[in-house]
Amino acid sequence: MADVVFSIVTTLIIVFGITYMIGFSVVGIVQSRKQGVRMSKQELQIDDVVDDDADLLGLAFYVLIPAMNEERVIGGTIQAVLDGQPGVTVVVVDDGSDDRTPLIVDSFAGTGRVLRHTRVKPEAQRGKGQALNDALRMVRADVERRRLRRSRVIIGVLDADGRMTANATTAVARHFAADRSIGGVQLGVRIRNHADSLTLMFQDMSFWGICALMQIGRTAVGSTAMGGNGQFTRLSALDEVGDQPWSDSLTEDLDLGLSLSILGWRSVGAAGGYVTQQGVNSFRRLVRQHTRWFQGHMMCIARFPELARSRYLPTARFLELTSYLLVPWVLVLPWSIIQQYILFQLATGGLDVRTEGLAAWQRVVMWLLWYVVSFAPQLYWGVVYFRRTSTYSFGRAMLMAHLMLPWSYFGFICVWRALFRIVLHRNGWAKTTREVEDDIEVAEAIEVEGRQYAS
Amino acid sequence: MAGERARRSNRRPPDRALASVASYPFRVVACLLLVGGAGAALTVCSVAYRGFEARLVSLLIGPLTETGHSGTAFRVVGDADDQAIWFTVTPECTSALLIVPLVAFAAWALLQHKFAIGVVLIALAAGFGIVLLLNTARMGLVGLGWHQFGGVSYWTTHSLIGTVISLCTVFVALVIQLRLSVWRDRAVRRTFDDVCEVADG
């Protein structure tokens, strides 16, 4: 009886996982073609030449960059937005920095496109959501001052280490301009330093592989998840969510996406651009980061009743959002146990591929079939990643795909840590430390701008 | 202001809310009947159901070969040696096992107000039909393989092709069931023109 129940539960989990992930990734391929971008080698199709006359289709863009002690990266990030996204206003939210972040930001004041919003303690350093809400107040005031139409103002969120592809905002603008029901647009995410180590490659494989496809695929039902980097929302949609649309949730981005959906707004993925971010090279920091993401994701299940009660939420979108919220609970957590049981059975001979009485060639085919069926998700992931990146050979991508099996234990550790933290009501987190990258010295910036700034 | 207006209009009117509450016991009963029926097919009625499947296989391959059925087994006669062999529809081969994921989804959907009861049941019936058809075809393939090629074909048709067909069957049936389940949308459509007018003043 226990075996039967185990088989049924395992089958349900496998069917849920395969149907959801393969289903939406296939839809993603179709959806991206509708946007005129093939998901294969997407990065090669996106023009890296900046169009200074980029048409934002009458939309006004503000890009919010929350920054707390980001002196290592903030200068490069601001410069990249100024260079690559013509017409966009940058709002850096200095969340109580005690390094050179404010000075670096101020060195861009002469451009007329960079604003700094400063928060001080005790209000500062209480989470990204609060920082964004605070900055939004400033943006709303600026919108009023400039007499802009709120339905045509777009608020972007970029991490302090984020870099958008050239004219990404143009690709985003096309979606908002074409459909008034779109409240959010999310860019795909790539790990910038993915070639530096295996750990970084795995992170890129996660973001740029099937996840990217699925995000575009979710465009079909209008439920693309909002992420912390490369997220764009319509100001009038944010107004409907409330004065403080970003919550105190550990994943305030996912939470915002749910709020938008509950009010009937659609969220889509833009295939015509993407954002790169630093990966985390330290395993310990990576565990902390992913544990936070899992915890935030898992806690969002508490909003399921709101989704179920929403009059504006179409059934297909409701179904997809529910599936997405259930992934850590119904897929990752149970599979972390089932996988060990299967491996134990394999090791002790409890699970055997029956080959007695078969000819040699039949045994080979049988083992090949067993291998393909057992490793189907990894094989699919490897093929998808190879097709989408121009960096790695097929052999390397497939090797990486097979290494995803031991790498899955990383996910298992994080999801169980997240569960324990939820049970123990531990919801506080410190932000992830950055790697050193485009370091702009404050002294240089002051000289270039030709002005004197106090240091 | 805009947010409060949107949230107020998102609440169901009292008559709809009442209707939803009143219909919930029906949904629970429908869910229990569905799960109970599926459980019965897998346990108490397993033999009868598998006998039905054996009859279906026999009907399917009847035009192509001499066949028959008895209990939970169907008969095939080999073309080369005229030897008859009986294939039993075992509990591991039955379509009742393959529709467990479909029943699980339908049972959950019945408990959600967003899904119309009738639509959920129709979608389940469609999915069940696909599973029954494809699984019957799979078993028929095993029989026809034996009829044409003898015993050497069994491993290919049953273990190799049969496994692939089973996996594809569940996937296809579930996708179609899901697609049909969301076919009739009960959501209130927003035009967002009013939102833009208010937002833009």
Query - Scan of the range A:359-382 for residues that are under 29 Å from the mean Cα position of the chain (by Cα) and either farther than 28 Å from A:A212 by Cα or not in a helix (DSSP H, G or I) (or both), ordered by number - result: A:F375
Report task. Looking at (1) of a type outside the set (V, I, T); (2) touching a helix residue (DSSP H, G or I) at 6+ places or on another chain (Cβ under 7 Å); (3) surrounded by fewer than 13 Cβ atoms within 10 Å (Cβ to Cβ), find the lone condition where A:F16 falls short. Result -> (3)
Report summary line: A:I104 vs (1) in contact with a Gly (Cβ under 8 Å, 6 or more places away or on another chain); (2) among the aliphatic types (A, V, I, L, M); (3) not in a helix (DSSP H, G or I): all pass except (3)
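To keep it simple, each residue is scored yes or no on (1) within 30 Å of B:L98 (Cα to Cα); (2) touching a residue at least 60 places away in the same chain (Cβ under 8 Å); (3) not in a helix (DSSP H, G or I).
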position	(1), (2), (3)
A:Q31	no, yes, no
A:L57	no, yes, yes
A:F61	no, yes, yes
A:N69	no, no, yes
A:V90	no, no, yes
A:L115	no, no, yes
Requested in this report: Could you tell me which numbered condition A:A220 fails, if it satisfies all but one of (1) touching a Ser or Thr at 6+ places or on another chain (Cβ under 6 Å); (2) within 14 Å of chain B (Cβ to nearest Cβ); (3) surrounded by fewer than 23 Cβ atoms within 10 Å (Cβ to Cβ)?
Outcome: (1)
Query raised in the report: Would you say B:R138 is part of a helix (DSSP H, G or I), crowded, with 21+ Cβ neighbours inside 10 Å, on the phi < 0 side of the Ramachandran plot and charged (D, E, K, R)?
Result: yes
Query raised in the report: With (1) over 24 Å from A:Y392 (Cβ atoms); (2) in contact with a Ser or Thr (Cβ under 9 Å, 6 or more places away or on another chain); (3) assigned to a loop (DSSP other than H, G, I, E, B) as the list, and A:S249 as the residue in question, which single condition is left unmet?
Result: (2)
Query - Given (1) exposed (fewer than 15 other Cβ atoms within 10 Å of the Cβ); (2) closer than 28 Å to B:L178 by Cβ, index of the condition B:V47 fails - result: (2)
Report summary line: Checked against (1) farther than 30 Å from B:N10 by Cα; (2) within 11 Å of another protein chain (Cβ to nearest Cβ); (3) within 20 Å of the chain's Cα centre (by Cα), B:R138 satisfies every condition except (2)
Report summary line: Among the residues of the range A:150-175, the number that are in contact with a strand residue (DSSP E or B) (Cβ under 6 Å, 6 or more places away or on another chain) and not β-branched (V, I, T) is 11
Requested in this report: Go through the range A:149-169 residue by residue and tally those that are more than 14 Å from chain B (Cβ to nearest Cβ) and part of a loop (DSSP other than H, G, I, E, B).
Outcome: 8
Report task. Examine the range A:294-308 for a residue that is closer than 28 Å to B:A116 by Cα and either crowded, with 24+ Cβ neighbours inside 10 Å or aromatic (F, W, Y) (or both), and state whether such a residue exists. Result -> yes
Report summary line: Counting only residues in the range A:302-339 that are of a type in the set (S, T, Y), in a helix (DSSP H, G or I) and out of contact with any helix residue (DSSP H, G or I) (no Cβ under 6 Å at 6 or more places or on another chain), the one farthest from the other protein chains (Cβ to nearest Cβ) is identified as A:Y324
**Report entry** Long-range neighbours under 7 Å by Cβ, at least six apart or interchain, first residue more than 14 Å from every other protein chain (Cβ to nearest Cβ) within the range A:340-365, second modelled with pLDDT of 70 or more
**Finding:** A:L351/A:I342; A:L351/A:Q345
Report summary line: Reported set for the range A:366-416 where residues are surrounded by fewer than 17 Cβ atoms within 10 Å (Cβ to Cβ) and of a type in the set (V, I, T) is A:V372, A:V373, A:V383, A:T391, A:I413
Query raised in the report: Which ones in the range A:71-88 are out of contact with any helix residue (DSSP H, G or I) (no Cβ under 8 Å at 6 or more places or on another chain), within 22 Å of A:A60 (Cα to Cα) and not in a loop (DSSP other than H, G, I, E, B)?
Result: A:T77, A:Q79, A:A80, A:V81, A:D83
Report summary line: In the range B:91-107, anything loosely packed, with under 12 Cβ neighbours inside 10 Å and either touching a Cys at 6+ places or on another chain (Cβ under 8 Å) or more than 10 Å from chain A (Cβ to nearest Cβ) (or both) is listed as none
Query raised in the report: In the set A:V139, A:V189, A:V172, A:V143, which member is under 15 Å from A:V275 (Cα atoms), in a helix (DSSP H, G or I) and touching a residue at least 24 places away in the same chain (Cβ under 8 Å)?
Result: A:V172
Report summary line: From the option list A:R234, A:R180, single residue qualifying as within 14 Å of chain B (Cβ to nearest Cβ) and either crowded, with 23+ Cβ neighbours inside 10 Å or in contact with a His (Cβ under 8 Å, 6 or more places away or on another chain) (or both) is A:R234
Requested in this report: Residue by residue through the range A:254-294, note down the ones that are touching an Asp or Glu at 6+ places or on another chain (Cβ under 6 Å) and either farther than 30 Å from B:A6 by Cα or part of a strand (DSSP E or B) (or both).
Outcome: A:Q277, A:Q278
Requested in this report: Hey, can you tell me all the residues within the range A:1-29 that are in contact (Cβ under 8 Å) with a residue 60 or more places away in the chain and β-branched (V, I, T)?
Outcome: A:V9, A:T10, A:I13, A:I18, A:I22, A:V26, A:V27, A:I29
Requested in this report: Among residues belonging to the range B:151-185 that are assigned to a loop (DSSP other than H, G, I, E, B) and at the interface with chain A (Cβ under 7 Å from one of its Cβ atoms), point out the one that is nearest to A:I18 (Cα to Cα).
Outcome: B:V182
Query raised in the report: Given the structure, is B:L133 out of contact with any helix residue (DSSP H, G or I) (no Cβ under 8 Å at 6 or more places or on another chain) and either at negative phi or free of Cβ contacts under 8 Å to residues at least 60 places away in the same chain (or both)?
Result: yes
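The values are calculated or read from the model by the stated rules, or taken from the named source; none is laboratory data. None of these values were measured; they are calculated from a predicted model. In this analysis, Cβ positions are derived from the backbone assuming ideal geometry, glycine residues included, and neighbour counts consider all displayed protein chains.
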